[in-house]
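Below is one structure, written out as structure tokens; comments come after it.
The values are calculated or read from the model by the stated rules, or taken from the named source; none is laboratory data. Note that the coordinates shown come from a computational prediction; the quantities given were computed from them, not determined experimentally. Cβ atoms come from the backbone with ideal geometry, glycine included; neighbour counts cover every protein chain shown.
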Amino acid sequence: MKKKLITALMLSTVVLTAGAPLAAVEADTTDSKIAQQDSKIASAKSEAAKAQSQVDAIQSQVSTLKSKQSSMTKKVNELMAQQKEQSQQIQKLSKSIKERNTALEAQARSAQTDGSATSYMSAILDSKSLTDAIQKMTAMATVAGANKSMIEQQQADQKDIQNKLADNQKKYAEATRLQQELDSQADELATQEAALKVAQLDYQATVATEEGKKQDLLNQKAAAEKAAQKAAEAQKAAAEKSVVVQQEQAVKNNTAAGPSAPATNGTGGNNNTSTPTPTPVPTPTPTPDPVKPVSPAGKNPYPAGQCTAFVWDYFGGKIPTYMGNAGDWVAYANSGPAAGTIAVFPPGNQGAGGVGHVAVVLSVSGSKMTVIEGNFNGGWGTTRECSTAGVSFIRP
């Protein structure tokens with residue numbers, strides 16, 4: 001009986017300790033996976049920090065560019081203001097030239113119809129005295145001097161207009177170049193910043209995913225430990241119950257068979273282990289590619305049905321807003337005759353009205369060109385061949 005009791009106690013000890021190695025092995029495996037996830041998280045965070053550093057550097061460049069853009073935009077505005085002022089001066093000079101031309105033409109017609117030269121000589125010969133003759137000659141010289149001064153002023157104003165037009169063309173070309181440079185730099189830096197931002201978000205998503213996997217492993221570990229504890233408790237209870245049953249059975253057998261009865265060796269136990277179902281690992285959501293913003297189309301700033309409105313529509317609104325009537329666009333002339341330029345016809349040139357006319361050049365051959373235009377002889381989008389003589393051209 002003593003041997004049976006010892007056997008039962010040894011069996012219970014084995015049963016009670018059977019679940020421990022399984023729980024320990026599972027815990028060790030989960031801890032190893034958690035350590036691996038910690039390494040991945042640290043690596044992902046390091047890469048994310050590098051990406052953030054690159055984004056910061058690009059942001060600094062963007063700030064510098066914006067400051068430069070502000071300065072260059074101010075310069076462009078100053079150039080445009082100077083152009084506008086010079087255009088106004090050109091208009092005033094043109095008006096003065098026109099008025100003086102009218103006066104000179106009137107004097108010429110008067111001289112031709114009234115015989116002014118003969119009248120002047122008669123007036124001198126009919127003088128009552130030498131003093132009277134000298135006074136008349138002085139008055140005639142004053143009139144002649146005024147006419148000469150008027151002609152010289154005409155020539156000076158015309159030369160001033162040519163100088164201002166040339167200066168306007170230089171200012172417009174410089175403003176256009178600066179604006180194109182700004183647009184190019186802004187687009188390049190915006191692209192770089194967007195690409196780095198995508199990389200940073202990708203790294204952050206990686207960190208979040210790895211941290212999520214670690215949390216899943218921690219949850220699995222906790223579930224495994226809890227299951228192991230329950231299994232150990234169940235095994236302990238079953239072992240204790242088995243010891244009692246075996247002790248009772250041994251007593252019964254000893255009583256029935258006597259001291260020499262062979263011992264009956266019985267075993268019992270419950271090696272119940274459960275493996276927790278792993279939690280699904282979430283799949284990271286891919287970061288979408290950056291989309292470059294598209295500016296909305298602008299509204300035509302020119303009166304509907306006019307030649308200026310047609311030119312603006314022809315270029316899809318992708319031209320500067322030129323000030324004034326069609327003829328006033330001469331202030332922005334910056335090119336010779338070429339396909340793709342805007343032809344500016346002064347008033348009266350080849351059928352242009354009193355405010356001038358503009359059209360788009362389709363082709364040029366020698367001194368001839370083919371244009372497409374609106375509001376010319378009632379047409380819209382019509383083409384015709386005309387001369388380049390007296391026409392100015394704008395490269396938008």
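Does residue 24 satisfy the condition of being at pLDDT below 85 and assigned to a helix (DSSP H, G or I)? Working first, answer last.
Details: at pLDDT below 85: yes; assigned to a helix (DSSP H, G or I): yes.
Answer is yes for this residue.
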**OP:** Tell me which residues, restricted to region 351-368, are surrounded by 13 or more Cβ atoms within 10 Å (Cβ to Cβ) and either touching a residue at least 60 places away in the same chain (Cβ under 8 Å) or within 23 Å of residue 324 (Cβ to Cβ) (or both).
**Re:** 352, 353, 355, 356, 357, 358, 359, 360, 361
Original post:
What is the number of the single condition among (1) under 13 Å from residue 90 (Cα atoms); (2) surrounded by 14 or more Cβ atoms within 10 Å (Cβ to Cβ) that residue 166 does not meet?
Top reply: (2)
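Which residues, taken from region 312-349, are among the hydrophobic types (A, V, I, L, M, F, W, C) and free of Cβ contacts under 8 Å to residues at least 60 places away in the same chain? So that I can check it myself, show each step before the final result.
Going residue by residue through region 312-349, those that are among the hydrophobic types (A, V, I, L, M, F, W, C) are 312, 315, 319, 323, 326, 329-331, 333, 338-339, 342-345.
Passing the criteria: 312, 326, 338, 339, 342, 343, 344, 345.
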Original post:
In the set 78, 47, which member is under 30 Å from residue 320 (Cβ atoms) and either basic (Lys, Arg) or assigned by TED's automatic domain parsing to the domain that holds residue 206 (or both)?
Top reply: 78
